[in-house]
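Have a look at the structure below before the remarks.
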Amino acid sequence: MARVMCNACRGTYETVLRDGRPYFHACAPLSAAELELLTAARVVTLPPGESIEDAMQQRTYERSNKRDENIRATKATGGRATGADDAGVTPLADAAPGVVVVGP
Amino acid sequence: MDSYAENASGPAVSGLLLPRGEPSWYVSGEDALVLDAFNTATGVTLTLCGRFRNLNGLITPFVFTQTPTTDSVRTRTVFPLGEGWLLNASVFNSAGTPTGTQCVALVRVARGLTSAGTIVGTLAQGPITASQDVTYPPTVASTGMSSLATGATIRSITVTTPAAGAEFSQTVDAAKRWRIQSLRAKLQASAAVATRSPQLFIDDGANVFYVAEWPAQITAGSGQFYIAASGTQKAANVTDHAVYTFPIGLILAPGSRIRSNTLSIQAADQWSLIQLLVEEWGN
């Protein structure tokens, strides 16, 4: 089991779940806060008069470097690579466990 | 030759003997193996393989292929076998990725070596997927039942913790179907002044088809646990947990997502402790 950070969305996750099965990470769509930054930087242009929140209700904004490890998992049966320029992951230290054992 | 005896399913032909208990289907030289497929998935090639014991006792493998049409109309291919005993046969998708009941195959025996032959028996039938073959003798997953008819696996999934200011999202694994039993997650609001309203979106990978509106809003500096479970009704606070309205029996296909969409989320807000309990089937 290893904890990693996705270099595309900077989400963190364990590569193996508690049941011993692999975890297939897929980047989330952009949040309103992320979309706001991109519109301020003029990377994204919204339709005239449309607010960030309206846009979030009407469309899904995906990252150009989105990673989806499920695509890699199906490669043997025709899946594509995770992303055209896979951003990869960065190994992290193990997270503090959610279960704390105490006592002698 | 104590270890050999006449097989119950095969006639006495020239004194030929089969191993005791070995499954077999006697075919005369006038019988043929027939593969019928009803398919809607693109790029599918079916392979029919097995072993055949001829009159000389020689066991030989056979491999035939069929490229079914994608219009759900029957595609029939006839494979002559000769005279002897069919010991086993399997059909699997050697190309393409049919899911669910997109590709259903039947393995039959016909009298006559053309597609107009008379069907005299059905050996096996069922949906073909990446994880499910149709076999003779039958195996558990190919007794004509959908993979959904088999028991589900219960999985507890720790979802990716997003970066600050980002939403969480969980995609249904490839070639799986999920029925979400429950979800728990925490949103911690930063000091930035705003009223956060976290929705839950469920989509097919692109298009949203269900939205659970926020059961509770949170303001700067506060934290809130949110939960959703099959059949729950919206409640602002049940022992410190806000409860989403969530449908009963919603089964999600591969690539579908359950994700948050927080109105007025701020750059330093943090979703964490995101845990899902799902029932999982092969798709």
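No value in this document is a laboratory result; all are computed from the given coordinates. Keep in mind the model is a prediction, meaning the values are calculated, not measured. Neighbour counts are summed over all protein chains in view; Cβ atoms, including those assigned to glycine, are modelled from backbone coordinates with ideal geometry.
Give me the percent relative contact order of chain B, please, defined on Cα pairs under 8 angstrom at least 6 residues apart.
Relative contact order here is 17 percent.
Could you check which residue among B:A216, B:A124, B:A253 shows the biggest mean-square fluctuation in a GNM of chain B with a 10 Å Cα cutoff?
B:A216
If I take every Cα pair under 8 Å that is 6 or more residues apart in the range B:135-283, average their sequence separation and divide by the length, what percent do I get for the relative contact order?
41
For chain A, what relative contact order do you get, as a whole percent, if you take Cα pairs closer than 8 Å and at least 6 residues apart?
Reported as a whole number, the value is 34 percent.
Sketch the reach of a paramagnetic label on A:Y61 as a point 7 Å from Cα along Cα-to-Cβ, and name the residues of the range B:172-195 whose backbone nitrogen lies under 19 Å away.
So the set is B:194-195.
At what distance in nm do the modelled label points of B:E83 and A:A93 sit from each other, each positioned 7 Å from its Cα along Cα→Cβ?
Roughly 7.9 nm, to one decimal.
So which residue, out of B:T262, B:T195, B:T77, gets the largest mean-square fluctuation from a GNM of chain B using Cα contacts under 10 Å as springs?
Of B:T262, B:T195, B:T77, the Gaussian network model singles out B:T195 as fluctuating most.
Shielding of B:267-274 by partners, i.e. mean partner chain Cβ atoms within 10 Å per residue?
That works out to 2 on average.
Report the local net charge at B:L273: Lys and Arg +1, Asp and Glu -1, summed over other residues whose C-beta lies under 11 Å from its C-beta.
+2
Going by amide H atoms built from the backbone, whose H comes under 5 Å of the H on B:T45, apart from near neighbours?
Counting only residues 5 or more places away or on other chains, the set is B:S94, B:A95, B:G96.
How many angstrom lie between the Cα centre of the range A:25-63 and the Cα centre of the range B:69-109?
48
Could you give the Stokes-Einstein D for the range B:132-283 in µm² per second, using the C-alpha Kirkwood radius, 37 °C, 0.692 mPa s?
Roughly 198 µm²/s, to the nearest whole number.
Would you mind computing, in nm to one decimal, how far apart the modelled labels at B:S94 and B:D240 are, each placed 7 Å from Cα along Cα→Cβ?
Label-label distance for B:S94 and B:D240, simple model: 6.0 nm.
Checking the cross-link filter: which aspartates and glutamates have an alpha carbon closer than 19 Å to that of A:K66, excluding same-chain neighbours under 8 positions apart?
Candidates past the 8-residue exclusion: A:E14, A:E34, A:E36, A:D85, A:D86, B:E167, B:D173, B:D203, B:D204.
So how do B:S169, B:S156, A:S31 line up by other beta-carbon neighbours within 10 Å, fewest first?
By the 10 Å Cβ count, ascending, the order reads B:S156, B:S169, A:S31.
Provide B:V278, B:V208 in ascending order of the number of other Cβ atoms located within 10 Å of each residue's Cβ, fewest first.
B:V208, B:V278
Semi-axes, largest first, in whole Å: what does sqrt of 5 times each Cα gyration tensor eigenvalue give for the protein assembly as shown?
That gives 55, 22, 18 Å for the three semi-axes.
State whether chain A is rounded, prolate or oblate according to the following rule on the C-alpha gyration tensor (a ≥ b ≥ c being the square roots of its eigenvalues): a/c under 1.5 gives rounded; otherwise a/b larger than b/c gives prolate, and the remaining case gives oblate.
Oblate is the answer for chain A, as a/c is 1.5 or above yet b/c matches or exceeds a/b.
5 Å is the cut-off here: which amide hydrogens, built 1.01 Å from N in the peptide plane, fall below it relative to B:G82, excluding neighbours closer than 5 in sequence?
none
To the nearest whole number, what is the average tally of beta carbon atoms from other chains within 10 Å of the beta carbons of peptide A:19-25?
4
So how far apart, in nm, are the two label points at A:E53 and B:A268 if each is 7 Å from Cα heading toward Cβ?
Calculated label separation equals 2.2 nm.
Taking neighbour counts of Cβ atoms within 10 Å as a proxy for exposure, in what order, fewest first, do A:H25, B:H241 appear?
Placing the least packed residue first, the sequence is B:H241, A:H25.
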